[in-house]
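Scroll down for the structure; my scribbles are underneath it.
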Amino acid sequence: MIKEKAKVIFLTGPTAVGKSEAAVCLAKMIRAEIVSCDSMQIYKGMDIITSKPPGRLRKRIKHHLIGLVPASRDYDVSRFRRDALKKIRDIIKRGKVPLFVGGTGLYISMLVDGIFEFKVKDKRIRQRLYKVAQSKGSPYLYRKLKKADPQAADKIHPNDLKRLVRALEVFEAAGRPISVLQKERRGLAGDYDVRIICLNMRRDKLYKRINERVEGMFKAGLLAEVKRLLKARLSRPASYAIGINEIKGYMESDYGLEEAKLLMKRNSRRYAKRQLTWFRKDKRIKWLNVKWGEKSGTLALRILKKLS
């Protein structure tokens with residue numbers, strides 16, 4: 001008798017589409033616990049700027065990987081993967097379903113497909129490649145990669161020196177193309193029944209929700225939160241949160257408050273567009289359009305139907 005694989009569900013989509021509320025309703029229906037899949041919500045003290053699920057939602061359903069790391073510390077995809085895998089095992093052991101919620105596409109990809117962690121022991125290879133780039137330029141390395149690994153070269157810009165060096169050093173150290181080695185990654189897909197649902201919304205409606213969210217952030221005390229964060233030393237990943245630089249410009253009198261709001265709205269809309277571009281590349285994703293004004297419970301029922 002073949003043992004049925006445990007389910008791991010991902011609910012993703014662009015910022016402000018309505019993931020958090022729907023996820024709590026869905027979690028109630030399927031006996032799930034929610035694991036954040038948002039690269040910014042892991043940080044402490046960044047509640048408003050990262051739109052963390054409010055306390056009322058977190059009281060209804062257990063949430064994980066939210067507000068655990070000081071904003072002064074780095075947190076990357078490798079650490080997320082390690083923490084997320086532990087949460088998956090713990091949640092399933094309790095007889096619940098892990099429900100990942102968030103819009104960080106890289107985190108989803110590295111968890112579902114695995115992460116490529118080939119270590120090159122001989123550091124001289126990398127040093128030599130950088131010296132070659134200094135004397136002959138990165139396009140020269142790109143032509144070398146084109147011959148050694150055409151598949152990898154097609155995905156790397158000729159001026160992206162860091163990735164060119166990485167691909168070439170792996171090829172020299174392993175004797176095999178990085179594009180081939182990356183396909184040997186093992187992620188969740190091999191051990192679990194993985195389902196990915198991406199919420200979307202008519203572009204004009206989504207942008208309206210983004211604009212309303214930004215206005216709501218300011219009313220909730222965003223200025224005070226960012227002012228406090230800027231007094232501390234932010235890690236590089238934390239400093240990328242939309243709102244940090246925009247409000248910093250306002251506080252340094254580069255422009256007024258309304259301009260800061262407009263910049264936040266514009267950059268949030270651009271981020272949503274990048275998110276959707278990323279998700280459209282994954283053919284495993286099932287899409288679901290959110291209707292304007294749709295109640296979270298109704299949306300959760302439609303998500304549940306999509307999962308069946």
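Just so it is clear, none of the values below were taken in a lab; they were calculated from the coordinates. None of these values were measured; they are calculated from a predicted model. Note: ideal-geometry Cβ built from the backbone for every residue, glycine included; neighbour counts use all protein chains shown.
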Label zone at Lys87, where the point sits 7 Å out along the Cα-to-Cβ direction: the stretch 47-69 residues whose backbone N lies under 14 Å: 52-53, 58, 61-69
Rounded to whole Hz, the Karplus (6.51, -1.76, 1.60) HN-Hα couplings of the stretch 47-52, x for glycine and proline: 6, 6, 5, 9, 6, 4
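Rounded to the nearest 500, what is the chain's calculated 222 nm mean residue ellipticity when only DSSP H runs of at least 4 contribute -39500 (n - 2.57) each, over all residues? It would help to have the intermediate numbers written out before the result.
On the way: 15 runs with 167 residues, N = 308.
My calculation for the chain gives -16500 deg cm²/dmol from helical runs alone.
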Amide H contacts under 5 Å for Val120, placed H, 5+ residues apart: none
Order by protection proxy (mean Cβ within 10 Å, highest first), peptides 28-36, 113-121: 28-36, 113-121
Rounded Å value of the spacing that divides the Cα centres of the stretch 15-41 and the stretch 173-210: 18
Inverse mean reciprocal Cα-Cα distance (Kirkwood Rh) of the chain, Å: 21.4
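Which of the trypsin sites (Lys or Arg not before Pro) found in the stretch 188-236 are in a DSSP loop and have at most 14 neighbouring Cβ atoms, other than their own, within 10 Å? Intermediate values should be presented prior to the final figure.
Details: sites: Arg195, Arg202, Arg203, Lys205, Lys208, Arg209, Arg213, Lys219, Lys227, Arg228, Lys231, Arg233; in loops: Arg202, Arg233.
Listed in order of number, the matching sites are Arg202, Arg233.
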Low-density loop positions, chymotrypsin sites (Phe, Trp or Tyr not before Pro), the stretch 204-265 - DSSP coil, at most 12 other Cβ in 10 Å: Tyr240
Long-range HN-HN contacts of Asn200 with modeled amide H, under 5 Å: Leu288, Asn289, Val290
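State to the nearest 20 debye the size of the charge dipole of the chain about its Cα centre, where the only charges are +1 on K and R beta carbons and -1 on D and E beta carbons. Don't skip to the answer; put the middle values down first.
Values: 74 positive and 31 negative charges, 138 e Å.
The dipole magnitude comes to about 660 debye.
Please identify the GluC sites (Glu not before Pro) of the stretch 161-208 that satisfy two criteria: DSSP loop assignment and at most 10 other Cβ atoms within 10 Å. Which are they? If you can, show how the numbers build up before the last one.
Details: sites: Glu169, Glu172, Glu184; in loops: Glu184.
Those satisfying the criteria are Glu184.
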Under 5 Å, built H, 5+ apart or other chain: amide partners of Glu33: Val97, Leu99
Dipole-positive endmost among Pro14, Leu288, Leu307 within the chain (Cβ charges, Cα centre): Leu307
Choice from Arg81, Arg163, Arg269 with maximal GNM fluctuation in the chain (Cα, 10 Å cutoff): Arg163
Per-residue HN-Hα couplings for the stretch 250-255 [Karplus 6.51, -1.76, 1.60; θ = phi - 60°; Hz; x = Gly/Pro]: 5, 5, 8, 6, 6, 7
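Mean separation of Cα pairs under 8 Å and 6+ residues apart, divided by the residue count of the chain: what relative contact order is that in percent?
Details: 421 pairs, mean separation 88.2, N = 308.
Over the chain, the number comes to 29 percent.
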